[in-house]
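See below for the structure under consideration.
The values are calculated or read from the model by the stated rules, or taken from the named source; none is laboratory data. Note that the structure is a prediction, hence the values are computed from the model and not measured. Methodologically, a virtual Cβ is constructed for each residue, glycine included, from the backbone with ideal geometry; neighbour enumeration extends over all protein chains shown. SASA here: full protein model, heavy atoms, side chains in, ligands and nucleic acids out. Shrake-Rupley method; radii C 1.70, N 1.55, O 1.52, S 1.80 Å.
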Amino acid sequence: MNQAAASPVPADPLAQVSSPEEQRRAARMAQDAFAQVFRLTLEADENACAEGVGALREALGNWAAAGAGEEGAALRMAMLLSGLDQWGLAYSRAFGLTALPALSALVGALRTGLDERAEARFLAQFEALAAAEENAVDFKIELRRALHLALWHGAIAADNRDEALRLAGELGGTMLAVAREMPLLGWRLVADALAHIQIQCLAHGLAADGPGREATEALFAALARELPDDSRDAVMAYTAQAVAGWRQAKRPH
């Protein structure tokens, strides 16, 4: 077994403040909220946008405030805002967006709703997310899986080959950045996303031909070429094992 795959995953110190399931829920809530503000930006007029942002601010703020104690509430808010920020950055880069006003309004409303002490606790937990790779690792895996899959779906749904390959290239660059920024666990986030891409292709017949297939093959080829040898071997082994496990589970018993 190569060194990357054999490395144990360190315990998540933030799991005592926010459970793995709570972390995954934070990632899903950030994804859903981003989808709504993205739609508001594209489709809603000013009044409807303000109303939609207000409803989201209330829902997200209430969920964050219900965390376990002051630290739990601060970590929930940190995960929500980190997730929204990462979705916004990824979409802005991939689709050439110069501004997402509804997203900016939502983030601003959530931050201004914090008093001075709550803001300080939030900032401490936001910094803790980035302080170590294993901190809130379940949140990071869930968030990145959804984000990478969304960009892949954008690539395979593109109107033409050039756009499909461009988006696949953006996704590959995003995945490589994760692997660089998280030298210990980044390969696991990349492998998780690739496994889910392969499983979706098998389960739903996606990217079976045309630009979608070419874009998907280009993505896998670029990662195989650009990832360091140790990480690449670990990614491909993990992906193959996950797909084999899925196939086994689908077989009639």
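Within segment 16-43, residues that are more than 18 Å from residue 75 (Cα to Cα) have Cβ atoms under 7 Å from residues that are part of a helix (DSSP H, G or I) and open to solvent by 50 Å² or more (accessible area, probe 1.4 Å) in these pairs: 41/101, counting only partners at least 6 apart in sequence or on another chain. Looking across segment 121-160, just one residue is outside any helix (DSSP H, G or I), over 24 Å from residue 20 (Cα atoms) and open to solvent by less than 30 Å² (accessible area, probe 1.4 Å), and that is 158. On the given criteria, is residue 179 in contact with a Gly (Cβ under 7 Å, 6 or more places away or on another chain) and modelled with pLDDT under 95? In short, yes. Taken over segment 92-120, the criterion of being touching a helix residue (DSSP H, G or I) at 6+ places or on another chain (Cβ under 7 Å), in a helix (DSSP H, G or I) and either acidic (Asp, Glu) or surrounded by 19 or more Cβ atoms within 10 Å (Cβ to Cβ) (or both) is satisfied by 94, 102, 103, 105, 106, 107, 110.
Looking across segment 116-149, the residues that are basic (Lys, Arg) and more than 14 Å from residue 190 (Cα to Cα) come down to 117, 121. When the test is whether a residue is buried (at least 17 other Cβ atoms within 10 Å of the Cβ), closer than 18 Å to residue 226 by Cβ and either hydrophobic (A, V, I, L, M, F, W, C) or at pLDDT 95 or above (or both), residue 186 does not pass it.
Entry remark, segment 202-235: residues being within 26 Å of residue 158 (Cα to Cα), open to solvent by 20 Å² or more (accessible area, probe 1.4 Å) and assigned to a helix (DSSP H, G or I) number 15 in total.
Considering only segment 185-206, I want to know if a residue exists there that is farther than 24 Å from residue 132 by Cα and aromatic (Phe, Trp, Tyr). So that I can check it myself, show each step before the final result.
Applying the first criterion (farther than 24 Å from residue 132 by Cα) to segment 185-206 yields 195-206.
Filter once more, keeping what is aromatic (Phe, Trp, Tyr): none.
Within segment 185-206, none of the residues are farther than 24 Å from residue 132 by Cα and aromatic (Phe, Trp, Tyr).
Out of 84, 89, 40, 75, one residue alone is over 26 Å from residue 163 (Cα atoms) and either in a helix (DSSP H, G or I) or open to solvent by less than 50 Å² (accessible area, probe 1.4 Å) (or both). It is 75. Screening residue 240 with (1) in contact with a Phe, Trp or Tyr (Cβ under 8 Å, 6 or more places away or on another chain); (2) farther than 26 Å from residue 88 by Cβ; (3) aliphatic (A, V, I, L, M) gives one miss only, at (1). Residues that are in contact (Cβ under 8 Å) with a residue 60 or more places away in the chain and of a type outside the set (Lys, Arg) do not occur anywhere in segment 192-209. Every condition in (1) under 16 Å from the mean Cα position of the chain (by Cα); (2) open to solvent by 10 Å² or more (accessible area, probe 1.4 Å); (3) in contact (Cβ under 8 Å) with a residue 40 or more places away in the chain holds for residue 165 except the one numbered (1). Here residue 27 fulfils each of the conditions (1) open to solvent by less than 30 Å² (accessible area, probe 1.4 Å); (2) more than 20 Å from residue 182 (Cα to Cα); (3) small (Gly, Ala, Ser) apart from (2).
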